[in-house]
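Step one of this worksheet: look at the structure below.
The values are calculated or read from the model by the stated rules, or taken from the named source; none is laboratory data. Bear in mind the structure is a predicted one, so any value in this text is a computation, not a measurement. When we count neighbours, we look across all protein chains shown, and the Cβ atoms used for this are built from the backbone with ideal geometry, even at glycine. Calculation scope for accessible area: heavy atoms of the full protein, side chains included, ligands and nucleic acids excluded. Shrake-Rupley method; radii C 1.70, N 1.55, O 1.52, S 1.80 Å.
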Number of protein chains: 4
Amino acid sequence: MNTFGREFRITTFGESHGKAVGVVVDGVPAGLPLSEEDVKRELERRMFCHIPVLNPRCEPEEFEILSGVKEGRTQGTPIAIVIWNRKVISSYYEELWLKPRPGHADLAYYLKYGINYDHRGGGRASGRTTAAIVAAGAVAKAVLRHVGVEVLGHVVELGGVEISATYTVDDVRKSWEKPLPVVDDAALEKMVEKIREAVLRGDSIGGGVEVWALGVPPGLGEPHFGKIKADLAKAAFSIPGVVAFEWGAGRALAKMFGSEANDPITVVNGRPALATNRAGGLLGGITVGAPLYFRAWFKPTPSVRKPQQTVDLGKMEPTTLEFKGRYDVTIVPKALVALEAITAVVLADHVLRAGIIRRDRPISGSLV
Amino acid sequence: MNTFGREFRITTFGESHGKAVGVVVDGVPAGLPLSEEDVKRELERRMFCHIPVLNPRCEPEEFEILSGVKEGRTQGTPIAIVIWNRKVISSYYEELWLKPRPGHADLAYYLKYGINYDHRGGGRASGRTTAAIVAAGAVAKAVLRHVGVEVLGHVVELGGVEISATYTVDDVRKSWEKPLPVVDDAALEKMVEKIREAVLRGDSIGGGVEVWALGVPPGLGEPHFGKIKADLAKAAFSIPGVVAFEWGAGRALAKMFGSEANDPITVVNGRPALATNRAGGLLGGITVGAPLYFRAWFKPTPSVRKPQQTVDLGKMEPTTLEFKGRYDVTIVPKALVALEAITAVVLADHVLRAGIIRRDRPISGSLV
Amino acid sequence: MNTFGREFRITTFGESHGKAVGVVVDGVPAGLPLSEEDVKRELERRMFCHIPVLNPRCEPEEFEILSGVKEGRTQGTPIAIVIWNRKVISSYYEELWLKPRPGHADLAYYLKYGINYDHRGGGRASGRTTAAIVAAGAVAKAVLRHVGVEVLGHVVELGGVEISATYTVDDVRKSWEKPLPVVDDAALEKMVEKIREAVLRGDSIGGGVEVWALGVPPGLGEPHFGKIKADLAKAAFSIPGVVAFEWGAGRALAKMFGSEANDPITVVNGRPALATNRAGGLLGGITVGAPLYFRAWFKPTPSVRKPQQTVDLGKMEPTTLEFKGRYDVTIVPKALVALEAITAVVLADHVLRAGIIRRDRPISGSLV
Amino acid sequence: MNTFGREFRITTFGESHGKAVGVVVDGVPAGLPLSEEDVKRELERRMFCHIPVLNPRCEPEEFEILSGVKEGRTQGTPIAIVIWNRKVISSYYEELWLKPRPGHADLAYYLKYGINYDHRGGGRASGRTTAAIVAAGAVAKAVLRHVGVEVLGHVVELGGVEISATYTVDDVRKSWEKPLPVVDDAALEKMVEKIREAVLRGDSIGGGVEVWALGVPPGLGEPHFGKIKADLAKAAFSIPGVVAFEWGAGRALAKMFGSEANDPITVVNGRPALATNRAGGLLGGITVGAPLYFRAWFKPTPSVRKPQQTVDLGKMEPTTLEFKGRYDVTIVPKALVALEAITAVVLADHVLRAGIIRRDRPISGSLV
């Protein structure tokens, strides 16, 4: 199932070591400003070249928009984006043939898809495939921009180091000028230290991120099975490596009394509004005009340079694996960008479902 | 959006103080054993009569199966189940008219659905509506029983009290003989104490639950947007009050090194298997034959007997609300049963999607 | 698969001789005028009491709206409608046990659903189940009324008698005051004669209908798989007995030259418009502001009072069947009302998909 | 809406004069034989080089499979196929700018998508886009081959000439060795004559086709909204130019008495079977083991070399259009191949929905 969304729909494809990864984005209103530059910018945001260990070669992606866009405007028809895979040295993976890497999807894919599965580089389960989601996110963000919604995330935990500073939305925006988007400089320093330590150990680390959606209008989301938080939870767990998800003040709420957890309601500018926002901008899964926010946690990337116990599936006997292929010390920063993207996809979908943008006529360029 | 699932689909309806809540379950294979007794049993599991404060009157639900079942067998056609609402005293809610209760869905519903919305008892957002999900769960469990899958949950945290004992699946099964399904007797005692305390304060408490799925065959779930954990996260956040969700070892994994987090792979009975199960039975979102497990946390129920700050939407000015209607000190136990049910729905859906049960012919009663 | 539609969704249930048939209508905007009277009126339109052989007892349906409507307004939540089946004498069907009636769905249901299937009265395949679609159509028509769209059909062929008169939309409207909605009085007389003849023969007849949608705004429908005519073709073939469907001028277009078939384009009231309407109001499957129209043909009802060759599935040997149960000389008039209803469902869905009605706020009763 | 199907899903993209058209095919079981040759063969079947006026240059398509296939086997992951558009001379279309061609989708697209829409060559509404459907059909046919189902069509009417010979399935198979797949040689001669006449007139012609599905197992299709004929009707009307669709004996059934229309049931090889097949292999929309067949009619292609009345949308005044771009005297043969393809897509979807092919494990290459 590689299609996601109801009115704003994305369909992804591609394996890590195949010809390309890509996405078809369908349901986009016509006449919306969208250029290759918009896609390029989002693909660049996931490069993190300032921390070389995260992206040694730091080359830009080669991508093409095959359809649905003309002269900087969407056409209303499906937008197909292909991101070409680079020539990669896959020979190493021959050695891994039939030896599922612990923690990777390999074993599951062998069982479900068989020995012919192209597991090189993680195949369809690779973090590489999130590039397609990031491209789709660029289109979704163009839709959201039209209705004044901004989606923005930052790293809140890495290798066990958590941020402790309080911060504003502006701090989050500015954090993107740092090597990693971390609002707390002291924590950032320790995180970079932790990355170094992990590299030295030949090991990997996990972490956590927070994503905000600002300017979200009230009335988005629907009971029982169209709640914003439910759709975003599904979206988040679709990004490889997610192991935990908390909405608003999250798990801390479970330890409070109701009188402590409830957000009082007040009047702001003649409209009812939440006085605090432990609820993360939702009541009954429906937006009320307050910012949305959630956190997600990622397990460490499974590839490590240490001997691990696995099975030789050909002989069906235990064996030891020392992985020597390309290895990510952490996928948290890249995954954050993918999480932003999929968040934008969910919200663009709900904006369209709610009818906030009409699609019987173009946003611009109407004739009559 | 009140339909959920792709091949095994449920469509729910009903308001708290309307005539009925209910569900249409579609996609059920024909010839499967299913009786009113199966539905009754699940609806009873959410009553918790041994702790009177959770359910003072403790009357059984009145429900009817309107279609799709004949002489203890499913017909292959949609199964409509109506659970009649009892005569309820709604007059109290007149007082609340236009005063959204903090923490409840009221404000969102007023904004989205308008002043005519039947907010009494929480309307469509009420925990009452999960009775329909529990009924659907009874059908899903019948499907799962046919393929040897069992779904079972227990309470792991209530009012800040967490269980600390280690436990087996059998302990979980046996815990259902206690007033609340808690494997740790010392914790159970403190939880009941906490309930009493909350009642005395006129306040409410939240908590956490864990759900297991045993006997799940390998090969269920699909990339990118059909991962089992993603579908279950969406399902869980569809149950009112869920604020956090962790898959397998969850957030703790984010603090480990990769070499600590990965489950080694070994050979069991001539088949590859996980040696440990921090992954909660999934790799790449696909089952590998190990048990599935996750935890979910619930905020305290928003209705409390303390003055709370809200807004009179008629006058659009601040006011204070003292709620006097029916009030649940905690919804965690009931919500656990709903979470079990929706988990069964997701897994039954994936069993059908994978083609494990054929639907071009009946399970029993085939002619040719 | 008993759910239909994307934003305006209906889920039907019920067997002919079960407790009830019914429907859950989801996605309906809040604050729309809708009463039990609206549903009653549509259910009455399919009664045709003036031709007693079509409906001997002519009793009104007993139905209940269980949810989603309050004080004559939709709530925005799912609308469940149950239409109770009358006490029926099913004993006759015992005789038919394991003898599939030729032309009926019996054989297919036996093969797919097994010997336990409740085939009495046609079970799930019965025309009876279209009552649920007609009820859903009442809700869809309320949505369409809000945007100025009217759906209206008439009978154009019955028992081989075709109408020959030309007619206006007003003629179609007025035809509903006749025993059958037929614009051509001479043809109507022959049709009634044909009904009598068929009854005397103990046989059944088929026919054809035409459905119009007036006031449809331009811009509805989408390539490749959201074309209005494609969605309506699917909808039409979902009504039992449909064997042919023609859009606009239909099959006659296939014999014309392009220069004869194309509708010239002209300017009307400062807007581009079709000068003729062979296209049935669609170009590329998308509405252009002209009326929509299509025709559908129904085979004769399969139950006849003549000996028919079938198989005794128990002994698996040929046998002869003389059907003596309740029998419809023709279902064309009832089916027309169902076709109108499902047409309204499709158009309401497209109105919502296009965002013509916003659903982040109510149509009436908005607070802010 | 450019996605079609539930378990076997296709998502198409591309404009006539854009970079490419293409499709993502999702839900394909793993381990199924599939090569580039399979796609090439289907794309070649729509070329009809023996009648030069149908395809003057007769060059093969350039296409790439970007994902989901490895060494002649499906991977179980989405299969993306890109068919590159050739360099085309689009300059002619400048002249057409803002002058919608009668009968084309232009007007609808201008209204819905605005003046920026890339209408060149018909844009998204072009017959060109059916190449993507044909490519998807190649994958669907590979699925069907695995379960013994064959889909095959032929031309039954062209430019008003109808075939009159009776014919067998073998005749249909052999007809593909002729310049056009027509079973009746006399009719074929007249059709070719009609093509010549239309070319001389600078006009275009329509026609009709018949599609058969052989070897379809019983039990496919579901009430109310999963009937095979309903899904195929929707599929057919998704192909540009379809104006009529008849299932089985079609419209002729509407003129019969029930006793004439019903297919008797008999015993064949110890199983119940239809003695005749006016029903087109379906009862209640569900397959019973008999061959499926339907007919579809196409209007003439709208582009003709005669002056036609249209509107200059810039000045909003009437004007005359003489089309001089590339022009198809008829699209019926190409459309037939597209109709075969989409029929295969629908049936592959139902085969998977019914669970006839399991997808928790590969068809070939299973490990355990």
In the stretch A:295-320, the residues that are over 30 Å from the mean Cα position of the chain (by Cα) and among the hydrophobic types (A, V, I, L, M, F, W, C): A:Val311, A:Leu313, A:Met316
Residue satisfying condition, being closer than 24 Å to D:Glu37 by Cβ, open to solvent by 50 Å² or more (accessible area, probe 1.4 Å) and touching a Gly at 6+ places or on another chain (Cβ under 8 Å), within set D:Glu197, D:Glu150: D:Glu150
Unmet criterion (only one of (1) open to solvent by 20 Å² or more (accessible area, probe 1.4 Å); (2) outside any helix (DSSP H, G or I)) for A:Arg145: (2)
Enumeration of residues in the stretch B:309-319 that are polar (S, T, N, Q) and either open to solvent by less than 20 Å² (accessible area, probe 1.4 Å) or free of Cβ contacts under 8 Å to residues at least 24 places away in the same chain (or both): B:Thr310
Test set (1) closer than 30 Å to C:Val28 by Cα; (2) touching a Pro at 6+ places or on another chain (Cβ under 7 Å); (3) open to solvent by 30 Å² or more (accessible area, probe 1.4 Å) - A:Gly215 fails condition number: (2)
Residue check for B:Ala125: within 14 Å of chain A (Cβ to nearest Cβ), open to solvent by less than 40 Å² (accessible area, probe 1.4 Å) and out of contact with any helix residue (DSSP H, G or I) (no Cβ under 8 Å at 6 or more places or on another chain): no
Check on D:Arg173, surrounded by fewer than 20 Cβ atoms within 10 Å (Cβ to Cβ) and under 20 Å from the mean Cα position of the chain (by Cα): yes
Verdict on B:Val156 being farther than 26 Å from A:Gly258 by Cα, open to solvent by less than 20 Å² (accessible area, probe 1.4 Å) and touching an Asp or Glu at 6+ places or on another chain (Cβ under 6 Å): no
Meets criteria (open to solvent by less than 10 Å² (accessible area, probe 1.4 Å), among the hydrophobic types (A, V, I, L, M, F, W, C), more than 30 Å from B:Thr129 (Cβ to Cβ) and within 13 Å of chain D (Cβ to nearest Cβ)) for C:Leu98: no
Residue match in the stretch D:188-198 (condition: over 19 Å from the mean Cα position of the chain (by Cα), more than 14 Å from chain B (Cβ to nearest Cβ) and not in a helix (DSSP H, G or I)): no
Counted residues, the stretch A:177-187 - those being under 21 Å from the mean Cα position of the chain (by Cα) and open to solvent by 60 Å² or more (accessible area, probe 1.4 Å): 1
The stretch A:148-184: number of residues that are of a type in the set (Lys, Arg) and assigned to a loop (DSSP other than H, G, I, E, B): 1
Flag if A:Thr301 is assigned to a loop (DSSP other than H, G, I, E, B), open to solvent by 40 Å² or more (accessible area, probe 1.4 Å) and of a type outside the set (D, E, K, R): no
Conditions (1) closer than 28 Å to A:Gly127 by Cα; (2) in contact (Cβ under 8 Å) with a residue 60 or more places away in the chain; number of the one not met by B:Pro240: (1)
Flag if A:Thr266 is assigned to a strand (DSSP E or B) and under 30 Å from B:Gly202 (Cα atoms): yes
Number of the condition not met by D:Ser67 [criteria: (1) within 21 Å of the chain's Cα centre (by Cα); (2) open to solvent by less than 10 Å² (accessible area, probe 1.4 Å); (3) within 7 Å of another protein chain (Cβ to nearest Cβ)]: (1)
Filtered residues of the stretch D:342-359 (kept if in contact with a Leu (Cβ under 6 Å, 6 or more places away or on another chain) and under 11 Å from B:Gly355 (Cβ atoms)): D:Ala354
Scan of the stretch D:336-356 for residues that are open to solvent by 10 Å² or more (accessible area, probe 1.4 Å) and among the aliphatic types (A, V, I, L, M), ordered by number: D:Ile356
Pair list, Cβ under 6 Å, 6 or more apart: the stretch B:63-77 residue among the acidic types (Asp, Glu), other residue crowded, with 24+ Cβ neighbours inside 10 Å: B:Glu64/B:Val82
Count of residues meeting criterion [open to solvent by 10 Å² or more (accessible area, probe 1.4 Å), closer than 14 Å to A:Val134 by Cβ and within 13 Å of chain B (Cβ to nearest Cβ)] in the stretch A:5-58: 0
Given (1) under 30 Å from A:Gly31 (Cβ atoms); (2) within 19 Å of the chain's Cα centre (by Cα), index of the condition A:Gly148 fails: (2)
Subset tally (residues that are within 14 Å of chain A (Cβ to nearest Cβ) and either open to solvent by 30 Å² or more (accessible area, probe 1.4 Å) or closer than 30 Å to C:Pro300 by Cα (or both)) for the stretch C:218-265: 3
Tally, over the stretch D:313-368, of residues that are among the β-branched types (Val, Ile, Thr), in a helix (DSSP H, G or I) and within 13 Å of chain B (Cβ to nearest Cβ): 1
Among the candidates B:Gly270, B:Gly284, B:Gly289, residue that is small (Gly, Ala, Ser), touching a residue at least 12 places away in the same chain (Cβ under 8 Å), within 12 Å of chain A (Cβ to nearest Cβ) and open to solvent by 40 Å² or more (accessible area, probe 1.4 Å): B:Gly289
